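Peer 1: Structure below; questions to follow.
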Amino acid sequence: MRNLHLLLIFLAFSFTATVQAQQSKGGITPEMLKQIKQSYKGTATDKALYNAISNNDINKLAINNDSKNHFDTYFSNRVNSKGITNQKSSGRCWLFTGLNVFRAKMIAKYNMGDFQFSPNYSFFWDQLEKANLFLQSIIDTKDKPMEDRTVEWLFKNPLSDGGQFTGVFDILSKYGVVPAEVMVETNSSNNTGRMANLISLKLKEYALQLRDQASKGANANTLEKNKTEMLGTIYRMLALNLGEPPTSFTWTRKDSKGNPVNTKEYTPLSFYEEYIGEDLANNYVMLMNDPTREYYKLYEIDFDRHRYDGTNWTYVNLPIEEIKEMAIASIKDSTMMYFSCDVGKFFDRERGLLDVDYYDYGSLFGTTFGMDKKQRIQTFASGSSHAMTLMAVDLDEQGQSKKWMVENSWGPGANNGHLIITDEWFNEYMFRLVVERKYITSKTKEVLSQKPIRLPAWDPMFANEE
């Protein structure tokens, strides 16, 4: 018993010594803890704040009521739009936004009423093309170990319903478009999570099979044949969830009063050529405001495309004021733009307002939140999360922007489905804008002639948008 007692004393001493050693190397010591605890005094003010914060939504307590007095819905320059779209519980904002840019042009050109393209049609082909991109990339990396960074990234990202404007021209230019009523939404297109999980699971299984076949000596023709059979299964899964895309259809165009104008038979590509008819890959330029990287440089993100034979996302990185200049030129010419941002920051959903002064978290907690845009990106505190259609700007007498408006794809809501953005919020949380080439500055054109700096697919700045 005496030996056991000594052993317990020794173990307790060793444990205490270990804890003290850890504390001396950066742990919280009793002296440090005493100092730390002094920040909370337990005063009447502290207790009142505790009672309020512990029993209420922090955002409601942090609302800066002064900001409510400056809410103005007037815009000096605005592109007309009709109707509002709804992506429901899906990550297809990139697709809705791109289609809404062309929808607005079509409505204006042909004096139509509310019209919508079918997101479900384009989404079907997007998912099939992404499945092929994944499987072909698995074949291309068949000789790399599973621990290779690229192979690891591929297995983590076999399929996504998110994307950006690259996907718009990758898919539309190859498969065309159809009106919304020709291929309607389904439960799976409105709620993509379950379908995406099951297809991703199947793709990962197929990827392992292809790697195994390659390791046993299967040649390129055999792997291509097997990949095609695998894609047949993916096509069937998509058709069961989304419906099978039409190859032709009859459609009647109507004017703004609902009167029929003409009735024709189309294929998806002939409909695209008649009502969009643009060289999307060459007519549109992606602009980025990323202060963590050098401005006036051209960048390309590896694997960030929607087709294996498509185009990697390439963009010009510019100061925010130069992006605003091109955005204003586009709006003044009645042309909407693809716009993406960090929509969840300082967002008043009830009023459809994005305003950096709307929530005063600092006063509530007696501290400051002082990181700038560059620091927030570097620390993964901010990044683009949602795409919308930029369609209005309010200018002062000197022509400087005061606020902006976007057409959202969340259905009817505040401001009839539109969000108002203060100019300060635009500076801090806007990331990407796609403009037509005719609106870009001469300096931007010079940057486009550069050889792109290639960035890895896993760069956190370029996660797919919702």
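Peer 1: Residue check: is Leu33 at pLDDT 90 or above, farther than 30 Å from Asp304 by Cα and either among the hydroxyl-bearing types (Ser, Thr, Tyr) or in a helix (DSSP H, G or I) (or both)?
Peer 2: The answer is yes for Leu33.
Peer 1: Same structure, new question: Go through (1) hydrophobic (A, V, I, L, M, F, W, C); (2) in contact with a Cys (Cβ under 9 Å, 6 or more places away or on another chain); (3) in a helix (DSSP H, G or I) for Ala387 and report which single condition fails.
Peer 2: (3)
Peer 1: Quick one: how many residues across the range 374-394 are surrounded by fewer than 20 Cβ atoms within 10 Å (Cβ to Cβ) and touching a helix residue (DSSP H, G or I) at 6+ places or on another chain (Cβ under 7 Å)?
Peer 2: Residues meeting the conditions: 2.
Peer 1: Examine the range 348-364 for a residue that is modelled with pLDDT under 95, under 18 Å from Gly162 (Cβ atoms) and of a type outside the set (Lys, Arg), and state whether such a residue exists.
Peer 2: No, there is no match, as no residue in the range 348-364 is modelled with pLDDT under 95, under 18 Å from Gly162 (Cβ atoms) and of a type outside the set (Lys, Arg).
Peer 1: Continuing with this model, one more query. Tell me which helices (runs of 4 or more DSSP H) are completely within the range 106-197 and hold 3 or more residues being modelled with pLDDT of 95 or more and either among the aliphatic types (A, V, I, L, M) or touching a Leu at 6+ places or on another chain (Cβ under 8 Å) (or both), or say none if there are none.
Peer 2: Output list reads 119-140, 165-175.
Peer 1: State yes or no: is Ala281 small (Gly, Ala, Ser), farther than 16 Å from Trp125 by Cβ and surrounded by 12 or more Cβ atoms within 10 Å (Cβ to Cβ)?
Peer 2: Considered against the rule, which asks whether it is small (Gly, Ala, Ser), farther than 16 Å from Trp125 by Cβ and surrounded by 12 or more Cβ atoms within 10 Å (Cβ to Cβ), Ala281 comes out as yes.
Peer 1: Report those strands (runs of 3 or more DSSP E) wholly inside the range 281-354 carrying at least 2 residues which are farther than 22 Å from Ser401 by Cα.
Peer 2: Output list reads 297-301, 314-317.
Peer 1: Scan the range 70-99 and report the pairs whose first residue is free of Cβ contacts under 8 Å to residues at least 40 places away in the same chain and whose second residue is not in a loop (DSSP other than H, G, I, E, B), with Cβ atoms within less than 8 Å and a gap of 6+ or a chain change.
Peer 2: Pairs found: Lys82/Ile107.
Peer 1: Are any residues in the range 365-377 part of a helix (DSSP H, G or I) and either closer than 14 Å to Tyr429 by Cβ or at pLDDT 95 or above (or both), and if so, which ones?
Peer 2: Taking the range 365-377 and keeping what is part of a helix (DSSP H, G or I), we get 365, 373-377.
Matches in the range 365-377: Lys373, Lys374, Gln375, Arg376, Ile377.
Peer 1: For residues in the range 309-342 being closer than 21 Å to Glu428 by Cβ and without any contact (Cβ under 8 Å) to a residue 60 or more places away in the chain, which is farthest from the chain's Cα centre (by Cα)?
Peer 2: Checked the range 309-342; the qualifying residue farthest from the chain's Cα centre (by Cα) is Glu321.
Peer 1: Now, a different point. Which residue, of Glu466, Glu428, is surrounded by 13 or more Cβ atoms within 10 Å (Cβ to Cβ), at pLDDT below 95 and under 18 Å from the mean Cα position of the chain (by Cα)? Give the derivation first.
Peer 2: Values: Glu428 fails: at pLDDT below 95.
Glu466 is the lone residue from the list that is surrounded by 13 or more Cβ atoms within 10 Å (Cβ to Cβ), at pLDDT below 95 and under 18 Å from the mean Cα position of the chain (by Cα).
The values are calculated or read from the model by the stated rules, or taken from the named source; none is laboratory data. This one's a predicted model, so the numbers in the text were calculated from it and none came from an experiment. Using ideal geometry, Cβ is built from the backbone for each residue, glycine included, and neighbour counts are taken over all protein chains shown.
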